[in-house]
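**Student:** Shown below is the structure under consideration.
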């Protein structure tokens, strides 16, 4: 039986931030990872949990860990890891029998982690209704929740309001508004390509990565081929020739170009906001302008915490996550260090009310589509990015033909 992730409801991405919405109840027959959600703390004397986090989120999680230790007598050992390497390191540690009890990560890791039997369900029970529906859905697999979410993220168009007074309606409008700037738009590509940042423009041509069935679940059928894919590929080639998009623009160069005033426009996510604020730039967060006539829909992603299937103390781990991480105080602190909209509805409402930048990203989330978390997504990224680079750079003289070759290569890998 094919497994699939339910999609993150597009409209719900914003609507759910302003009103509490219900998520799935704990699934009967799931492993005993449910945690008590009452005010009475259990005594876990002698228990030690190991948790992997990145450096940015260490402080907020450490404060929660200290509260947990004081209340339950369990010890929480935090280990800082590079966020970009954490999934691979976790997989290696899991195979070696040295995996942590808890792992911080993105929802799109879920399909692969479940396929490898690496994580356990974490039934949210009554707590599910405290999270935004989009966040709960992201960590739901075959009717069970496998993580405790803490943040929702997506990219948008960040505009320097002093260099561009209004939001562009289309890609061509944006390029015209940037005329005279050293860089038309700060768009991360780099030598390996960046299908994630390029995806909104691709969806504006109607070329979604995978098809979805009647229930909204992703299937393994590629949907970015055919006329829609060809139209996007040809457009990509035109943008490369015009130097509107260049493969030498990696993440650091894109951020630098915007901060140094070389362009009014920057396609990025909330992770770049702290540096932009530090530079004292007045900004607006706007929808990404359409290149192909349809809405430019970026990927939406949800960050959360997983419990390893090899944890000796899954109930203790779930208790810590549900009752000490999933609080207004901690989720607000996590929001402040990452500028990602909190997954907990009450914390999200405060963030949206207090910060127009966060509200801007949330509004763009209304057009976002979920990052597929099916294992088959792993077969896509390398071919996808490489082909985009070949087209942008002009190495591929026939963009549509190069796109067809990419589709064929991915389909071949999917059949293995």
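The values are calculated or read from the model by the stated rules, or taken from the named source; none is laboratory data. No experiment lies behind these values; they were computed from the predicted model shown. Using ideal geometry, Cβ is built from the backbone for each residue, glycine included, and neighbour counts are taken over all protein chains shown.
**Student:** For segment 40-70, which positions are out of contact with any strand residue (DSSP E or B) (no Cβ under 7 Å at 6 or more places or on another chain) and farther than 20 Å from residue 311 by Cβ?
**Tutor:** Answer for segment 40-70, where residues must be out of contact with any strand residue (DSSP E or B) (no Cβ under 7 Å at 6 or more places or on another chain) and farther than 20 Å from residue 311 by Cβ: 40, 56, 59, 60, 63, 66, 67, 70.
**Student:** Testing residue 142 on (1) surrounded by fewer than 22 Cβ atoms within 10 Å (Cβ to Cβ); (2) in contact (Cβ under 8 Å) with a residue 60 or more places away in the chain; (3) under 20 Å from the mean Cα position of the chain (by Cα), one condition comes back false. Which one is that?
**Tutor:** Of (1) surrounded by fewer than 22 Cβ atoms within 10 Å (Cβ to Cβ); (2) in contact (Cβ under 8 Å) with a residue 60 or more places away in the chain; (3) under 20 Å from the mean Cα position of the chain (by Cα), only one is false for residue 142: (3).
**Student:** Then there is this: May I ask you to list the residues in segment 337-359 that are within 23 Å of residue 159 (Cβ to Cβ) and surrounded by fewer than 21 Cβ atoms within 10 Å (Cβ to Cβ)?
**Tutor:** Listed by number, the residues that qualify are 352, 353, 354, 355, 356, 357, 359.
**Student:** Got at least one residue in segment 70-77 being under 30 Å from residue 185 (Cβ atoms) and touching a helix residue (DSSP H, G or I) at 6+ places or on another chain (Cβ under 9 Å)? Break it down into steps so the answer makes sense when it comes.
**Tutor:** First pass over segment 70-77, keeping only residues under 30 Å from residue 185 (Cβ atoms): none.
Checking segment 70-77: not a single residue is under 30 Å from residue 185 (Cβ atoms) and touching a helix residue (DSSP H, G or I) at 6+ places or on another chain (Cβ under 9 Å).
**Student:** Now, a different point. When the residues of segment 89-108 are narrowed to those that are over 25 Å from residue 134 (Cα atoms) and in a helix (DSSP H, G or I), which ends up farthest from the chain's Cα centre (by Cα)?
**Tutor:** 96
**Student:** Now, a different point. Quick one: would you say residue 100 is assigned by TED's automatic domain parsing to the domain that holds residue 324 and buried (at least 22 other Cβ atoms within 10 Å of the Cβ)?
**Tutor:** Yes, satisfied.
**Student:** What residue, among those in segment 65-88 that are in contact (Cβ under 8 Å) with a residue 12 or more places away in the chain and assigned to a helix (DSSP H, G or I), is nearest to residue 323 (Cα to Cα)?
**Tutor:** First, the residues of segment 65-88 that are in contact (Cβ under 8 Å) with a residue 12 or more places away in the chain: 65, 67-68, 71-83, 86-87.
Then keep just the ones that are assigned to a helix (DSSP H, G or I); that gives 65, 67-68, 71-72, 86-87.
Details: 65: 11, 67: 10, 68: 9, 71: 11, 72: 11, 86: 24, 87: 25 Å.
If we take residues in segment 65-88 being in contact (Cβ under 8 Å) with a residue 12 or more places away in the chain and assigned to a helix (DSSP H, G or I), then 68 is nearest to residue 323 (Cα to Cα).
**Student:** So, in segment 159-196, of the ones that are out of contact with any helix residue (DSSP H, G or I) (no Cβ under 7 Å at 6 or more places or on another chain) and crowded, with 24+ Cβ neighbours inside 10 Å, which residue ends up farthest from residue 56 (Cα to Cα)?
**Tutor:** Among those residues, the one meeting the criterion is 174.
**Student:** Taking the condition touching a residue at least 60 places away in the same chain (Cβ under 8 Å) and more than 18 Å from residue 289 (Cα to Cα), does residue 187 pass?
**Tutor:** No, not satisfied.
**Student:** All but one of (1) modelled with pLDDT under 95; (2) under 17 Å from residue 319 (Cβ atoms); (3) in contact with a strand residue (DSSP E or B) (Cβ under 7 Å, 6 or more places away or on another chain) hold for residue 108, so report the exception by its number.
**Tutor:** (2)
**Student:** Can you name the condition, by its number, that residue 373 falls short on among (1) crowded, with 23+ Cβ neighbours inside 10 Å; (2) in contact with a strand residue (DSSP E or B) (Cβ under 8 Å, 6 or more places away or on another chain); (3) part of a helix (DSSP H, G or I)?
**Tutor:** Single failed check for residue 373: (3).
**Student:** Let me ask something additional. Does segment 192-202 contain at least one residue that is more than 30 Å from residue 133 (Cα to Cα) and outside any helix (DSSP H, G or I)?
**Tutor:** Scanning segment 192-202, I find at least one residue that is more than 30 Å from residue 133 (Cα to Cα) and outside any helix (DSSP H, G or I), so the answer is yes.
**Student:** Separate question: Residue 211 is checked against (1) in the same structural domain as residue 340 (by TED's automatic domain parsing); (2) at pLDDT below 95 and fails just one. What number does that condition carry?
**Tutor:** The number of the failed condition is (1).
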